[in-house]
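Visitor: This is the structure, below, for whatever I ask next.
The values are calculated or read from the model by the stated rules, or taken from the named source; none is laboratory data. Computed from a predicted structure; not experimentally measured. Virtual Cβ from ideal backbone geometry, glycine too; neighbours counted across all protein chains shown.
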Amino acid sequence: METFATNMYRAMPLEKRIVINDSYSKMIYEVFILSLILTWLPFKAFAYAAPYILVLYTFIVYNYYNLTLNLIKCILACTIFIGINFFLREDFIFSNGILAIITYGSFLFLFAMPNRKLSLTYEYKIYKILRIVVIFQSVFGIIQFLIAYVKFGSYSVDMGDFIQGTIVPLSFNLEGDRGIGNAYFVINILIMMLFIMTDPNKTKKTYGVVLIGSIAAVLAGVHHALVSLFLAFLISLVIIDLKKAIKYSFVIIPVVAITLTAFYLLNPNNVYLYSHYFNLYSTGESFKTIAMKMAFVDLYEDHFDISLIGTGPGQFSSRAGLIASGTYLGGLDENRTIPFFSIEKSSYFKNYAFEVYYSMKTDKSTVHGAASRTFFSLMSLCIELGIILFSIVIYFIIKGLIFIRRKYEVFKSLNSIQERDIAIMLSCSILFFVFISFFENYLEMIQATLSCFILMKIFYNKITSVYKN
């Protein structure tokens, strides 16, 4: 359905439309750069505030109020939903729900972004900034890896943890738990490389950037992200173009086989670690499987209504719920949360999640990568939203993939190579975020999602926007 603004835009003279669109394109380009700066800085507070800083930037610098109004609408809708939960449930913690609005800020900004595509000038600049960021961060990460290798004198199972780019510049000085900055690093690099490959003006330098980025991503050791990308790309091809999937499989499968062999030769302990994880999963002894049983079996048996309508945002295993519990940011004994928010555990978290979470945090018997973490985004969303709302979310994801596939067919008939490639990479990106959501609460980690979502929206608008350059 066309809006009044759309009709007014089309009624304008072509020269004026170009000027307006260039101004808009410049603004979105700067917003993307600012998002990269805020999320790659070694300060999580800036990342959490980033969606709101970006909106403020567009309002103050460009006097652009649409993004602000859209974000306010999203926040109001979420607040109303949280308010309904608050009045329906006696033990609902309102501040936890508000905290969820902050942790899911990337989604709010994504939904607030207008459906307008960039001018070709700024589209070219986006490709350029992607190449610069990938090469800079990848080289920075590889240097971190080499310093750590020299410092410790050997390649160990967790050596990839030191590759965190500017998110943690001095990562090689970290001792003990090094966090998951390497996961943020890899997720961003992988998504940026996907869209770099849609550049219609690719050169040998472009492939060189992707090669260096790939080396950094592999060395970072976030193997579940690499596997997720491989599956997402293969399934995207099957969904969108089966013939192309069969053709590419002759290249993809050998590359994956070579990569797996390299993993084993570099450190056979990795293979042992994965077999150890598999044994824990198969016997039901992993912390993740125990957490799933407590959530989907014990909680649902005791509170059947929760299976349908959920516990409410921030009331269970989401990152918002963990932060609000006081045991996430500062450790189990510090009871620390973010400023202005109280430390409160919901009854559902205390009775059906905290015990296994505490056991995982205190267990020292093995390395606890994302594969063994207790909670993950898909579980958190399902438990907190309930099966009804969660099913609606899944429906819209499937609907989006079908829509992109139809767009691909149109571009294929028109022989529009760039748009075809963008459709494949968008489908791959969506599935990638679905797959990594089986491992950790990544969807609430703004350093891992915000810039990626903005980039995805920019290219989504490229193939769907009603506005013409």
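Visitor: Are there any helices (runs of 4 or more DSSP H) wholly within the stretch 29-133 with 3 or more residues that are within 29 Å of Gly165 (Cβ to Cβ) and in contact with a helix residue (DSSP H, G or I) (Cβ under 6 Å, 6 or more places away or on another chain), and if so which?
Guide: Answer list for the stretch 29-133: 44-62, 94-103, 105-112.
Visitor: Please indicate, with yes or no, whether at least one residue in the stretch 452-461 is modelled with pLDDT of 95 or more, of a type in the set (Lys, Arg) and buried (at least 16 other Cβ atoms within 10 Å of the Cβ).
Guide: Yes, that holds for at least one residue.
Visitor: While we're here: Kindly indicate whether any position in the stretch 216-226 is at pLDDT 95 or above, among the hydrophobic types (A, V, I, L, M, F, W, C) and closer than 21 Å to Ile454 by Cα.
Guide: Checking the stretch 216-226: not a single residue is at pLDDT 95 or above, among the hydrophobic types (A, V, I, L, M, F, W, C) and closer than 21 Å to Ile454 by Cα.
Visitor: Do we have Ile253 as modelled with pLDDT under 90, of a type in the set (A, V, I, L, M), over 20 Å from Phe145 (Cβ atoms) and loosely packed, with under 12 Cβ neighbours inside 10 Å here?
Guide: Taking the combined requirement at face value, the residue does not satisfy it.
Visitor: Can you name the residue in the stretch 406-442 that is hydroxyl-bearing (Ser, Thr, Tyr) and closer than 14 Å to Phe376 by Cα and is also surrounded by the most Cβ atoms within 10 Å (Cβ to Cβ) among such residues?
Guide: That would be Tyr442.
Visitor: Does Ser106 satisfy the criteria of being assigned by TED's automatic domain parsing to the domain that holds Ile84 and touching a residue at least 12 places away in the same chain (Cβ under 8 Å)?
Guide: The answer is yes for Ser106.
Visitor: Considering only the stretch 82-109, how many residues are closer than 18 Å to Lys350 by Cα, of a type in the set (S, T, N, Q) and buried (at least 19 other Cβ atoms within 10 Å of the Cβ)?
Guide: Total meeting the criteria: 1.
So that you can scan it fast, the table gives a plain yes or no per residue for (1) over 26 Å from Ile463 (Cα atoms); (2) outside the structural domain of Val139 (by TED's automatic domain parsing); (3) of a type in the set (Val, Ile, Thr):
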residue	(1), (2), (3)
Met159	yes, no, no
Ile167	yes, no, yes
Phe172	yes, no, no
Gly179	yes, no, no
Phe185	yes, no, no
Leu194	no, no, no
Val210	no, no, yes
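Visitor: How about the stretch 120-174: which of its residues are β-branched (Val, Ile, Thr) and under 24 Å from the mean Cα position of the chain (by Cα)?
Guide: Correct list: Ile126, Ile129, Ile132, Val133, Val134, Ile135, Val139, Ile142, Ile163, Thr166, Ile167, Val168.
Visitor: Do we find that Ile147 is among the hydrophobic types (A, V, I, L, M, F, W, C), at pLDDT below 95 and over 13 Å from Ala220 (Cβ atoms) in this structure?
Guide: Against the criterion (among the hydrophobic types (A, V, I, L, M, F, W, C), at pLDDT below 95 and over 13 Å from Ala220 (Cβ atoms)), Ile147 qualifies.
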